[in-house]
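Any read-out appearing in this document is the output of simple, stated calculations on the displayed coordinates, not a laboratory observation. As the structure is a prediction and not an experimental result, all values here were calculated from the model. Cβ placement follows ideal geometry from the backbone for every residue including glycine, while neighbour counts extend to all protein chains displayed.
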Amino acid sequence: MSQERVTVFDTTLRDGEQSPGCSMNLPEKVRMAVKLQELGVDIIEAGFPIASEGDFVAVQAVAAECRNVTVAALCRTAEIDVARAAEALAGAAHPRIHTFVATSDIHLQHKLKRSRSEVIDMTRAAVRQARTYVDEVEFSAEDATRSDVDYLCDVLDVAVDAGASILNIPDTVGYTTPGEFSSLIAAVGSGSTLEDQQGRMAARTKLTLDAVQKQALALSSLDPSLIVVAGDPDVVMPQLAAIGLKDVLVVKREETEEQTAMRALDLLGNKRQAPLSASPWRVGDGGTTRAVHSCAGDRDCGAQIHAD
């Protein structure tokens, strides 16, 4: 049985440094990068080279110092940005160019002042250019959670066609809830023609931590001693077991509310402090979403479960 591996993408040196009081000089950034490498992170996003000379030099220094980790440089979907990122990463042992563009209509209209078709062209050109410099290109759809899903899939398809092997679907402005995010990842995974193409499907499974929201991290508490998750048991269970979670109820789309309730009771056994009756369970199937609620006494321990 194959098991997906969650990779850790650390952006302390780029996005994290923007937090008040967290700015670092060059020696501090290199020290932090070395510690992150020792910690075992998989990717260090070292900076935004086009933003300043300081960021450019920092990416160069981290790339030179950290040889056992992927070093990423951020850039917009602009030719000069991509070229600058590539220059900063020239000495990296494992370089990654991370390019991004907004995909929500509000960003297109008010920030980029571009049409949807123009953004698709920008995505294609930037990823193609990045692939001429490095083998590993990540594409991020900025403000993805406020984007039209069909259009988002179109942009992601173009990015993969152009050579991106890692896709990032961020909640840029903190707009969505975990449940909504889970549904978005599910919709993106099923709404694209990439599903029918094995090579591109491999790229979709590399949505790293964001995609895990759909499977192992889309967790909610039905009971203090029971974790509930929706997804493929063959994928979910090993991931949860790896972090020490054992009492897990995987909600299956095809089962009735009574069947789910009975399985929960069987799993909980004598651990439950309050009885669980069948009547508080309410299940509604809205496309890819099944909502399951339970109550123990006067306490509402309900959860929104998103099923595959």
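Could you grab the relative contact order for segment 9-212? Cα pairs under 8 Å, six or more apart, rounded to a whole percent.
For segment 9-212, the relative contact order is 14 percent.
Taking N as the number of residues in segment 3-89, what value does Rg over Cα atoms divided by 2.2 N^0.38 Å take?
In units of the 2.2 N^0.38 Å rule of thumb, it is 1.05.
I need the P(r) histogram for segment 41-135: all alpha carbon pairs, bin width 10 Å from 0 out to the longest distance, whole percents.
18, 44, 28, 10, 0
Which shape class, rounded, prolate or oblate, goes with segment 9-212 when its Cα gyration tensor gives a ≥ b ≥ c as root eigenvalues, a/c under 1.5 marks rounded, and past that a/b bigger than b/c marks prolate?
prolate
Size of segment 89-194 along its principal axes in angstrom, Cα-based, largest extent first?
Principal axes ranked by extent give 40, 29, 27 Å for the Cα atoms.
For Ser52 and Ala64, compute 0.36 nm times the residue count separating them, minus their Cα-Cα distance, and round to one decimal in nm.
Working it through step by step, the gained length comes to 2.4 nm.
At 7 Å along Cα-to-Cβ for each site, give me the label-to-label distance between Thr176 and Ala125 in nm.
Using points 7 Å along Cα→Cβ, the separation is 2.8 nm.
Return the distance in nm (one decimal) between the two label points of a simple spin-label model at Ser115 and Cys22, each offset 7 Å from Cα along Cα→Cβ.
4.0
Expressed in nm to one decimal, what extension gain is obtained for the pair Asp150 and Thr132 from 0.36 nm per residue of sequence separation less their Cα-Cα distance?
Difference between extended and current length: 3.6 nm.
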